[in-house]
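A.B. asks: Sending over a structure as structure tokens; questions will come in a sec.
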Amino acid sequence: LTEEDKKSAPFMFAKTFILDFIITFSVAILVNLIQPITILSALKISLLIGVGFVVAPFFGNFMYAKRSIKLFFIEAGYHVFCITISAIILTIWN
């Protein structure tokens, strides 16, 4: 990392936090609208959201950029996992 990258890191972390908050807030709205009762229902909803809104666009981006399939699974998997955990927690919380 360059010195400039190191100086801008706190701002990048803040932006990442805001973006992750938006994702979690969106999942919360969907969970509230659908009102799943069981953890299995939350899992189905989160996988639908993850595959439909994360995996599909990510794969297109990775395909055209000719990036590694391993990197695709790491990045897309991270987001699907976080959405799944959020949906399960929000379902239990309701």
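A.B. asks: Quote the convex hull volume per residue of the chain, based on C-alpha atoms, as a whole number of Å³.
C.D. replies: 107 Å³
A.B. asks: Need the list of aspartates and glutamates near K66 for cross-linking: C-alpha distance under 16 angstrom, and skip anything on the same chain fewer than eight residues off.
C.D. replies: Cross-link targets: E75.
A.B. asks: Right, here's the next one. At what distance in nm do the modelled label points of I23 and I85 sit from each other, each positioned 7 Å from its Cα along Cα→Cβ?
C.D. replies: Taking the simple label geometry, I23 and I85 are separated by 1.1 nm.
A.B. asks: Hydropathy at least -0.5 by Kyte-Doolittle, axial extent at least 30 angstrom from the Cα trace: which helices of the chain, defined as entire DSSP H runs, fit?
C.D. replies: Helices meeting the criterion: 3-34, 69-93.
A.B. asks: Specify the inter-centroid distance of the range 59-80 and the range 1-32, based on alpha-carbon positions, in whole Å.
C.D. replies: Between the Cα centre of the range 59-80 and that of the range 1-32, the gap is 19 Å.
A.B. asks: In whole percent, what relative contact order does the chain give with Cα contacts below 8 Å and a gap of six or more residues?
C.D. replies: Reported as a whole number, the value is 42 percent.
A.B. asks: Right, another one. Tell me, in nm to one decimal, what length is gained between I92 and E3 on full extension, where the rule is 0.36 nm per residue of separation less the Cα-Cα distance? Mind dumping the intermediate values first?
C.D. replies: Details: separation 89, 0.36 × 89 = 32.04 nm, distance 4.40 nm.
Additional length available on full extension: 27.6 nm.
A.B. asks: How much FRET efficiency would the formula 1/(1 + (r/R0)^6) give for M63 and T16, where r is the Cβ-Cβ distance and R0 is 30 Å, rounded to 0.05? Kindly include the intermediate steps, with their values, before the conclusion.
C.D. replies: Details: r = 24 Å, r/R0 = 0.81.
Result of the calculation: an efficiency of 0.75.
A.B. asks: Using 0.36 nm per residue, how much length does the chain from F53 to L71 gain when fully extended, once their Cα-Cα distance is taken away?
C.D. replies: Full extension of this stretch gives 4.7 nm more.
A.B. asks: Choose one of A28, G52, T16: the residue whose Cα lies farthest towards the positive end of the charge dipole of the chain (beta-carbon charges +1 Lys, Arg; -1 Asp, Glu; about the Cα centre).
C.D. replies: G52
A.B. asks: Roughly how big is the chain's charge dipole about its Cα centre, with Cβ charges of +1 (Lys, Arg) and -1 (Asp, Glu), in debye to the nearest 20?
C.D. replies: On the way: 7 positive and 5 negative charges, 42 e Å.
Charge dipole, the chain, about its Cα centre: 200 debye, nearest 20.
Taken together, the values in this text are just the output of simple stated rules run on the coordinates, not laboratory data. Note that the coordinates shown come from a computational prediction; the quantities given were computed from them, not determined experimentally. Here the Cβ is made from the backbone with ideal geometry for all residues, glycine too, and neighbour counts use every protein chain on show.
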